[in-house]
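Student: Let me give you the structure first, and then I'll get to my questions.
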Amino acid sequence: MSRRHVVIAAFVVCSVTACAAPYSWQNPNYPEERWARDRAACKADVAEKIERRYGPEPVFSNRGGVFGDTQLRRDFDNYEGARSESRLFDECMRQRGYVRVRR
C-alpha cells in the first residue's frame with residue numbers, strides 16, 4: 001500500500017470516528033429504557049436495507065471508473081457505504097422522534 005493510500009485511509013477513519021462519537025440520540029417523551037430498544041430496531045432496519053441494496057456481505061467497490069478497481073477506489077466506496085449506513089440510521093431515529101444531542 002502506498003503512502004498516499006495510507007494517508008487517505010487514515011483520513012477516512014478519522015472522519016468517520018470524529019463524526020460518530022460526540023453525540024447521543026434522545027427523546028424526552030420516552031423513558032430511557034426504550035432508547036436502547038429503538039436504537040437496536042434502527043440498526044436492524046438499516047442492516048436489512050443495506051443487505052437489500054448491496055447483498056449479504058456488502059462490498060461497496062468493484063465499480064471501475066477513473067480509479068478502476070484499486071485500493072483507493074475500494075477505500076472511497078467503503079467510506080461512502082458507511083456514510084449511507086449512518087444517514088439511514090439517523091433518518092430512522094428522527095422518524096421515531098429522537099434528536100441528536102451533544103454529550
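The values are calculated or read from the model by the stated rules, or taken from the named source; none is laboratory data. Note that the structure is predicted; figures quoted are calculated from it, not measured. A quick note on method: Cβ atoms are made from the backbone with ideal geometry, for glycine too, and the neighbour counts reach across all protein chains shown.
Student: Have a look at 64, 55, 68, 97 and point out the one that is surrounded by fewer than 14 Cβ atoms within 10 Å (Cβ to Cβ) and at pLDDT 95 or above. Spell out the reasoning first.
Tutor: Values: 64 fails: at pLDDT 95 or above; 55 fails: at pLDDT 95 or above; 68 fails: at pLDDT 95 or above.
Selected residue: 97, the only one of 64, 55, 68, 97 that is surrounded by fewer than 14 Cβ atoms within 10 Å (Cβ to Cβ) and at pLDDT 95 or above.
Student: Let me ask something additional. Test residue 11 against the criterion of being of a type in the set (Phe, Trp, Tyr), part of a helix (DSSP H, G or I) and modelled with pLDDT under 95, and give yes or no. Can you show your working first?
Tutor: Details: of a type in the set (Phe, Trp, Tyr): yes; part of a helix (DSSP H, G or I): yes; modelled with pLDDT under 95: yes.
Criteria met by residue 11.
Student: Kindly provide the set of residues from segment 27-43 that are of a type in the set (Phe, Trp, Tyr) and either in a loop (DSSP other than H, G, I, E, B) or modelled with pLDDT of 95 or more (or both), ordered by number. Full working, then the answer.
Tutor: The first filter runs over segment 27-43 and keeps only residues of a type in the set (Phe, Trp, Tyr), leaving 30, 35.
Listed by number, the list holds a single entry, 30.
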